[in-house]
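A.B. asks: Questions regarding the structure given below will be posed in turn.
Any read-out appearing in this document is the output of simple, stated calculations on the displayed coordinates, not a laboratory observation. On a predicted model such as this, the values are computed, not experimentally measured, just so you know. A quick note on method: Cβ atoms are made from the backbone with ideal geometry, for glycine too, and the neighbour counts reach across all protein chains shown.
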Amino acid sequence: MVVRERATEVDLTVELCGMTLNTPLVPASGTLAKEALGEAEGVYGAILPKTTTPRARAGNPPPRVAETPAGMVNSIGLQNPGVERFMEDLDAFDLGVPIFVSVAGETVRDFADLCERVAGDDRVAAIELNLSCPNVEHGGLTFCAGPAAVEEVVGACRAAAPTKPLFAKLTHEGVVGNARAAEGAGADALTVMNTIPALTIDAKKRSILVRGGLSGPAVKPVALKAVYDVARTVEVPILGGGGVTSGVDVAEFMLAGATVVQVGTASFVRDPAEILAEFSDYLREAGTAAANLTGALE
Amino acid sequence: MVVRERATEVDLTVELCGMTLNTPLVPASGTLAKEALGEAEGVYGAILPKTTTPRARAGNPPPRVAETPAGMVNSIGLQNPGVERFMEDLDAFDLGVPIFVSVAGETVRDFADLCERVAGDDRVAAIELNLSCPNVEHGGLTFCAGPAAVEEVVGACRAAAPTKPLFAKLTHEGVVGNARAAEGAGADALTVMNTIPALTIDAKKRSILVRGGLSGPAVKPVALKAVYDVARTVEVPILGGGGVTSGVDVAEFMLAGATVVQVGTASFVRDPAEILAEFSDYLREAGTAAANLTGALE
Amino acid sequence: MKFYTVEIEARRRLGAYTLLSYRWPGDGIEAGRFVMARAAGYPVTLDPFLARPFSFYDFEGGVASLLFEVRGRGTALLDRARETIEVTAPLGKGFEIDASTGRAALLGGGIGVAPLKILGRELASRGIDHDVFLGFLDAKTAAVADDFPGASVATMDGSAGTRGTVLDAAPDLLGYPAVYACGPNAMLAAVKGAAGQDGLRQLSVEERMGCGNGSCNGCVVPVDGGYVRSCVEGPVFRAEVLAW
Amino acid sequence: MKFYTVEIEARRRLGAYTLLSYRWPGDGIEAGRFVMARAAGYPVTLDPFLARPFSFYDFEGGVASLLFEVRGRGTALLDRARETIEVTAPLGKGFEIDASTGRAALLGGGIGVAPLKILGRELASRGIDHDVFLGFLDAKTAAVADDFPGASVATMDGSAGTRGTVLDAAPDLLGYPAVYACGPNAMLAAVKGAAGQDGLRQLSVEERMGCGNGSCNGCVVPVDGGYVRSCVEGPVFRAEVLAW
Ligand SMILES: Cc1cc2nc3c(=O)[nH]c(=O)nc-3n(C[C@H](O)[C@H](O)[C@H](O)COP(=O)(O)OP(=O)(O)OC[C@H]3O[C@@H](n4cnc5c(N)ncnc54)[C@H](O)[C@@H]3O)c2cc1C
Ligand SMILES: Cc1cc2nc3c(=O)[nH]c(=O)nc-3n(C[C@H](O)[C@H](O)[C@H](O)COP(=O)(O)OP(=O)(O)OC[C@H]3O[C@@H](n4cnc5c(N)ncnc54)[C@H](O)[C@@H]3O)c2cc1C
Ligand SMILES: Cc1cc2nc3c(=O)[nH]c(=O)nc-3n(C[C@H](O)[C@H](O)[C@H](O)COP(=O)(O)O)c2cc1C
Ligand SMILES: Cc1cc2nc3c(=O)[nH]c(=O)nc-3n(C[C@H](O)[C@H](O)[C@H](O)COP(=O)(O)O)c2cc1C
Ligand code: FES
Ligand code: FES
């Protein structure tokens, strides 16, 4: 296989929270299904399935996706079978690389309980907290509405899963303050960034098409800035992402300060193996190893 | 001229703060130079030149622009000759439609002084406050960093220009709270939204290419959400914009709640007359007048 | 998702639609399955961003064909493509064919005619007799029916065939052991009602798709107790499964 | 900015570069002026988003031509365009020609050769003698020099002409009443130094452009006391104006 051959020529490994990942690429949560895992093999340094929640969620009624210029807006509504069924199926995601599990709840207590449940399973290498969902105890504001909210939820999760690597996934709005708060509350790494709140309208029908989160190449410059700003603020490593579509994009995120790079929407329109191959080409031309890129802007 | 002919068939006029505009289109500040005014004639309902400041500004060193997926990042640095020279040249922007003047300063006092200076000139139909620039008295945070900052600067400008229509131009971050504050402090209308802070990196050179504001089609879904959310929060009219590139985009912004629609970056890649022609086609098919679209989502 | 650049083998107009064919060396092409297709993608352009789903129209001698209607930018670009397009491998679950079911009714609404050609071919090869009923807006779109000899046609404006919907062109469906339908969701719901619950009733649905391989959860249809992804659990569903 | 869809009249390779011509019915094409060009724009695609600036290579019998080097996505798409491209009307300030200046030196670096063809034509028509000096990376890019009979050529790797920069191929520039140059900024600065301050010294600069019509303030070059826009006040500047 072409990718494997290339991968042996350049050093793609990176260290994250004590783990050694074969490549710095990780799928962004919610963008890689079991059915598509074939594409993930040999490409991703870890696997990160869609966010799971305490109870099963049916998700939002369709339409759930709308195309936008160089991107898309989605409103899936965290459809998932609930944490218990999710954990039963977890072996399906075993490709011989670490599995990170993304969790989300409606209350701080939900989050903490999920972390405890998930951390108790040896198959789980790390936990990512999806903080972009509404906190029902705070009038629908999300868990990353501000530093206080972030501190509370991350602190509770830290206590519930004291030894498992814990990533806090943030949106770009107020990201620097929230990053500082998450680090202070004990997050081992930060995922930057989730989708940007957005709206699409069907002018012909004069109705809202999809109200949700914007992702894809369109958001890349916003995500790069968020990663760059956060990297200059915190000590913990960053899983960067938002619009990554090519190997050069991977390099840009690492240069901005990311240790690991998440590939989401782009995997709908490209084979992630091509992205890794391009990134390997970049490293070969630059004459360096992946691990040396993080923050290496002149 | 095709556009004029079409324009007579449908009613494009809109009311804004007591003014009747021939069309709901207005150039976004900083995207239409004197040299390009030929394209503006018969298309725009008002003219809005680039932001002026108390003193001349040389602007930032190049590179100032970088292309991004379906958009661009700019970092011009408010290059302008200063308010006095700007006002001397103002007649150059006289196309027989109202002239709105955009102002920005480094302190609240700057803003108020500019408003007083500009409001005293009869050629100025309205003032737009560009609140996205750093407030040197507050450690580089912008004037729309939060409701308190917005209230202070808008209040001072209101007092300095008590009778001239005053628009507060906001970014999308925290836009709902800032919109409420601007309205409370006496803004007659709100411009939503300015560019989104962003970063581009040259991976080959391993250096920052441009750090500035993202604009163009890529940001449209974010801008639409900002306009929609603000329209549901305030009573004052909205000048909506961000990524408007087609006549259907104009309709989408009006449906989301805008009374006037600003065309910026798109004017670099399209003739704005085509956008107005498409919008006229939309109105004709919909069998309605421009003024009826604002907020008319089912 | 992996895309393959394939050379356009032939292209022709079929009434209001475009028929575009390309050589497909692999297997997996079956009636009711689909591909994600686009004129060009990265690195040429990042916009339009998503590929578009299309049912297989036919597959013969290693040549696959798609029949499509130009609706928006994605299909306009496909219509302009001159040398190559990009497609995924075949996706989704197609129509079930059970040789024991006996006579089948095939119903297509508008561009929903697309999967019926290859379905008819597969049924014929399994010795299953079938009748084809096609509904269109007008004579222009109905012109594609020439490619379905013996099909009964209806048009909404009466400019070709019976005036009315595809159901007006069809006899009582209750008598058919197998009913297959593709078209707008409203038509599928009507077919579901008219065909009753006895026998094999299958509907090919059309939902907006992000990925086509189950990853985005964008393309769901309602079923009892929630939603399922039409790109991996469909696009063909047994009628009784759909909570319409 | 208004774009016109123009039919491609001819296309050929000139060494490592592409020469593409189209019929231009209007006027305004002069040496040193430029167009913003793209393979396609709205509504076909919104990416790549911006058009790219190109100097006129030539204009004869109503046919304008552009000479370009494929660097990234914009030029790659232009290189693939088969039937039409989109261009603006001619933009910017070109080279000043003053019949009284006497003999002129024309210096081009790499693709900076582009505006020298039409400049040579204009000088000749005004009866001004001129010498052409061209610098390239290697023989492959230098192949375009065939289109400049009599030009002195240098290549960095010595694979064609003199080894070195364009200045190594040129005699003392101080003696030329008029000096015209186009190429990378570093070369222009060197020419500025070598040509001295007496006589007409003009440089065509290359900056990233957003709009091409003065609206974005993106394409500035440093001058005494600030920056000026190279798309409206340039791209050709008197050497003494540039604060390099
Ligand atoms: C399984 C399946 C099979 C299909 N088979 C065919 C076929 O054989 N022939 C054919 O002509 N069409 C078929 N369609 C519909 C086809 O995918 C749409 O017509 C096409 O996506 C429209 O794209 P556009 O760019 O031209 O329109 P646009 O209006 O530009 O589309 C914009 C966005 O909306 C989506 N979209 C818009 N309308 C629809 C729709 N009705 N269904 C799904 N997505 C939509 C597009 O995918 C895109 O993301 C099929 C759809 C599905 C789900
Ligand atoms: C007045 C003027 C005249 C020019 N004339 C010619 C000519 O006749 N022939 C020719 O081959 N080239 C010419 N150029 C350079 C040409 O515009 C760039 O090579 C081209 O923009 C590269 O685009 P790309 O998409 O291939 O590269 P990309 O790398 O994809 O470009 C990405 C972005 O950067 C900008 N960019 C990248 N490099 C440059 C650059 N060096 N200068 C300006 N913008 C850049 C692009 O416009 C685009 O926005 C000229 C430039 C200017 C300013
Ligand atoms: C269809 C879709 C579903 C998503 N679901 C989740 C999710 O369940 N949990 C989560 O944390 N992020 C989710 N995201 C956000 C992505 O993980 C990612 O942060 C975001 O899309 C930006 O990256 P991208 O531009 O590479 O897609 C989803 C994104 C998309 C497009
Ligand atoms: C090159 C450029 C220069 C700009 N200069 C200004 C400015 O001086 N003042 C201002 O308020 N906004 C400025 N803007 C922001 C625009 O007015 C507009 O709010 C923003 O670009 C979003 O709209 P668009 O996507 O239609 O361009 C500038 C934008 C661009 C692209
Ligand atoms: S289209 Fe993405 S899950 Fe079906
Ligand atoms: S390119 Fe926009 S001002 Fe020159």
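A.B. asks: Under a point-charge model restricted to the Cβ atoms of Lys and Arg (+1) and Asp and Glu (-1), what is the dipole moment magnitude of the protein assembly as shown relative to its Cα centre, in debye to the nearest 20?
C.D. replies: Computed charge dipole of the protein assembly as shown: roughly 500 debye.
A.B. asks: Please give the charge dipole size of the range B:161-292, origin at the Cα centre, charges +1 on K and R Cβ atoms and -1 on D and E Cβ atoms. Round to the nearest 20 debye. Walk me through the numbers on the way to the answer.
C.D. replies: Details: 12 positive and 13 negative charges, 136 e Å.
In debye, rounded to 20, the range B:161-292 gives about 660.
A.B. asks: A follow-up question, please. Rounded, prolate or oblate: pick one for the range A:170-298, where a ≥ b ≥ c are the square roots of the eigenvalues of its C-alpha gyration tensor, a/c under 1.5 means rounded, and failing that, prolate if a/b is larger than b/c, else oblate. Intermediate results must be reported in sequence, preceding the final value.
C.D. replies: Working: a/c = 2.70, a/b = 1.27, b/c = 2.12.
Oblate, since a/c reaches 1.5 and b/c is not below a/b.
A.B. asks: Would you mind ranking B:Lys34, D:Lys192 so that the residue whose beta carbon has the fewest other beta carbons within 10 Å leads the list?
C.D. replies: Working: B:Lys34 13, D:Lys192 19.
Sorted ascending by nearby Cβ count, the order is B:Lys34, D:Lys192.
A.B. asks: A further question follows. Quick check: pseudo-label points 7 Å beyond the Cα along Cα→Cβ at B:Glu235 and D:Glu60, how many nm apart are they?
C.D. replies: 7.2
A.B. asks: Sticking with this structure for a sec: For the pair D:Asp131/B:Ala289, report the inter-label distance in nm, with labels modelled 7 Å from Cα in the Cβ direction.
C.D. replies: Each label point is offset 7 Å from its Cα along the Cβ direction, giving 7.3 nm.
A.B. asks: Within the set B:Lys220/C:Lys140; D:Lys140/D:Lys192; A:Lys220/B:Lys225; B:Lys220/D:Lys93; A:Lys34/B:Lys205; C:Lys2/D:Lys140, which residue pairs have Cα atoms separated by over 29 Å? Before the final figure, lay out each step's value.
C.D. replies: Details: B:Lys220/C:Lys140 37 Å; D:Lys140/D:Lys192 27 Å; A:Lys220/B:Lys225 19 Å; B:Lys220/D:Lys93 34 Å; A:Lys34/B:Lys205 38 Å; C:Lys2/D:Lys140 36 Å.
The pairs that break the limit, which is 29 Å between Cα atoms, are B:Lys220/C:Lys140; B:Lys220/D:Lys93; A:Lys34/B:Lys205; C:Lys2/D:Lys140.
A.B. asks: Return B:Thr233, B:Thr265, B:Thr259 ranked ascending by Cβ neighbour count within 10 Å, so the fewest neighbours appear first. Can you show the working numbers first?
C.D. replies: Values: B:Thr233 15, B:Thr265 31, B:Thr259 24.
Fewest to most other Cβ atoms nearby, the residues stand as B:Thr233, B:Thr259, B:Thr265.
A.B. asks: Let me ask you something else. What nm distances, shortest first, do you get from the label point of B:Gly295 to those in the other copies when the point sits 7 angstrom along Cα to Cβ?
C.D. replies: In nanometres, ordered from closest: 5.0.
A.B. asks: Just the Cα atoms of the range D:2-91, one point each, no solvent: what log10 I(q)/I(0) does Debye give at q = 0.11, 0.18, 0.24 Å⁻¹?
C.D. replies: These q points yield log10 I(q)/I(0) values of -0.26, -0.72, -1.34.
A.B. asks: If you restrict to DSSP beta bridges whose two residues both lie in the protein assembly as shown, what percentage is antiparallel, to the nearest 5? It would help to have the intermediate numbers written out before the result.
C.D. replies: Values: 106 of 200 bridges.
Bridges in the protein assembly as shown that DSSP calls antiparallel: roughly 55 percent.
A.B. asks: What GluC sites (Glu not before Pro) does the range C:55-105 have in DSSP loop regions with at most 11 other beta carbons within 10 Å? If you can, show how the numbers build up before the last one.
C.D. replies: Values: sites: C:Glu60, C:Glu69, C:Glu83, C:Glu86, C:Glu96; in loops: C:Glu69, C:Glu83, C:Glu96.
Filter output for the range C:55-105: C:Glu83.
A.B. asks: Calculate, axis by axis, the spread of Cα positions in chain B along the three principal axes, and write the results as whole Å, longest axis first.
C.D. replies: Its Cα atoms span 52, 52, 39 Å along the three principal axes.
A.B. asks: Grab the beta carbon distance between D:Thr162 and D:Ala81, set R0 = 51 Å, and tell me the FRET efficiency rounded to 0.05.
C.D. replies: Values: r = 36 Å, r/R0 = 0.71.
Efficiency at R0 = 51 Å is approximately 0.90.
A.B. asks: Just how large is the dipole of the range A:82-235 about the Cα centre, in debye to the nearest 20, putting +1 at every Lys and Arg Cβ and -1 at every Asp and Glu Cβ? Spell out each step's value before the answer.
C.D. replies: Values: 15 positive and 21 negative charges, 187 e Å.
The calculated dipole for the range A:82-235 is roughly 900 debye.
A.B. asks: If you average the alpha carbon positions of the range C:121-186 and of the range B:231-269, how far apart do those two centres end up, in angstrom?
C.D. replies: Using only Cα atoms to place each centre, the spacing works out to 45 Å.
A.B. asks: Here's a follow-up. Pairing rule first: another cysteine's C-beta must sit under 4.7 Å. Under that rule, which cysteines of chain A stay single?
C.D. replies: For chain A, the answer is A:Cys17, A:Cys133, A:Cys144, because their Cβ atoms have no other cysteine Cβ under 4.7 Å.
A.B. asks: So the label point sits 7 Å from Cα along the Cα-to-Cβ vector; using that for A:Glu106, what distances do you get to the other copies, in nanometres, sorted shortest first?
C.D. replies: Ordered by increasing distance: 5.2 nm.
A.B. asks: Which residue of chain C is nearest the rotation axis onto chain D, counting by its Cβ, and what is the distance in whole Å?
C.D. replies: Closest Cβ on chain C to the axis mapping it onto D, in Å: C:Asp47, 2.
A.B. asks: So, one more: Calculate the radius of gyration of the Cα atoms of the protein assembly as shown to one decimal place, then report Dmax, the largest Cα-Cα distance, as a whole number, both in Å.
C.D. replies: Over the protein assembly as shown's Cα set, Rg and Dmax evaluate to 30.9, 99 Å.
A.B. asks: Rounded to the nearest 0.05, what FRET efficiency do C:Glu69 and A:Glu35 give with R0 = 30 Å and r taken as the Cβ-Cβ distance? Could you check? Could the numbers behind the result be given before it?
C.D. replies: Working: r = 28 Å, r/R0 = 0.95.
After rounding to 0.05, the efficiency reads 0.60.
A.B. asks: Related question: Where q = 0.13, 0.19 Å⁻¹, what log10 of I(q)/I(0) comes from the Debye formula for the range B:1-142, counting one point per Cα?
C.D. replies: -0.65, -1.20
A.B. asks: Starting from the range B:168-239, pick out the trypsin sites (Lys or Arg not before Pro) whose DSSP state is loop and whose Cβ has at most 13 other Cβ atoms within 10 Å.
C.D. replies: Working: sites: B:Lys169, B:Arg180, B:Lys204, B:Lys205, B:Arg206, B:Arg211, B:Lys225, B:Arg232; in loops: B:Lys204, B:Lys205, B:Arg206, B:Arg232.
Those satisfying the criteria are B:Lys204, B:Lys205, B:Arg232.
A.B. asks: Also: How many angstrom lie between the Cα centre of the range D:192-237 and the Cα centre of the range A:114-191?
C.D. replies: First find each Cα centre; the distance between them is then 51 Å.
A.B. asks: Distance in nm between label sites at B:Glu137 and B:Ala92, each 7 Å beyond Cα in the beta-carbon direction?
C.D. replies: Distance between label points: 3.3 nm.
A.B. asks: Using only the alpha carbon atoms of chain C, find the Kirkwood hydrodynamic radius as the inverse mean reciprocal pair distance, in angstroms to one decimal.
C.D. replies: 18.1
A.B. asks: Along the charge dipole of the protein assembly as shown, which of C:Ala142, A:Val227, A:Met87 sits closest to the positive end, that is, farthest toward it, with unit charges on the beta carbon of Lys, Arg, Asp and Glu (+1, +1, -1, -1)?
C.D. replies: C:Ala142
A.B. asks: To continue, here is another question. Could you tell me the distance between the Cα centroids of the range B:21-40 and the range C:54-112, to the nearest Å?
C.D. replies: About 46 Å separates the Cα centre of the range B:21-40 from the one of the range C:54-112.
A.B. asks: Let me ask you something else. Restricting to the range C:104-241, what percent of DSSP beta bridges are antiparallel, rounded to 5?
C.D. replies: About 25 percent, rounded to the nearest 5.
A.B. asks: Picking from A:Pro69, A:Pro237, A:Thr294, whose Cα lies most toward the positive end of the charge dipole for chain A (charges on Cβ: Lys, Arg +1; Asp, Glu -1)?
C.D. replies: A:Pro69
A.B. asks: Now a separate question. Once the label point is placed 7 Å from Cα along Cβ, list for C:Gly164 the distances to the corresponding points in the other copies, in nm, shortest first.
C.D. replies: Spelled out, the distances from C:Gly164's label point are 9.2 nm.
A.B. asks: Got a sec? Charge dipole of the protein assembly as shown, +1 on Cβ for Lys and Arg, -1 for Asp and Glu; which of D:Pro235, B:Gly186, B:Leu141 is way out at the positive end?
C.D. replies: Looking along the dipole axis, the top candidate is D:Pro235.
A.B. asks: Can you work out the base-10 log of I(q)/I(0) for the range C:104-241 at q = 0.21 1/Å, using the Debye formula on its C-alpha atoms alone?
C.D. replies: The Debye formula, applied to the Cα set alone, gives -1.24.
A.B. asks: Using only helices, what value at 222 nm comes out for the protein assembly as shown when you add -39,500 (n - 2.57) per DSSP H run of length 4 or more and divide by the total residues, to the nearest 500 deg cm²/dmol?
C.D. replies: The helix-only estimate for the protein assembly as shown comes to -6500 deg cm²/dmol at 222 nm.
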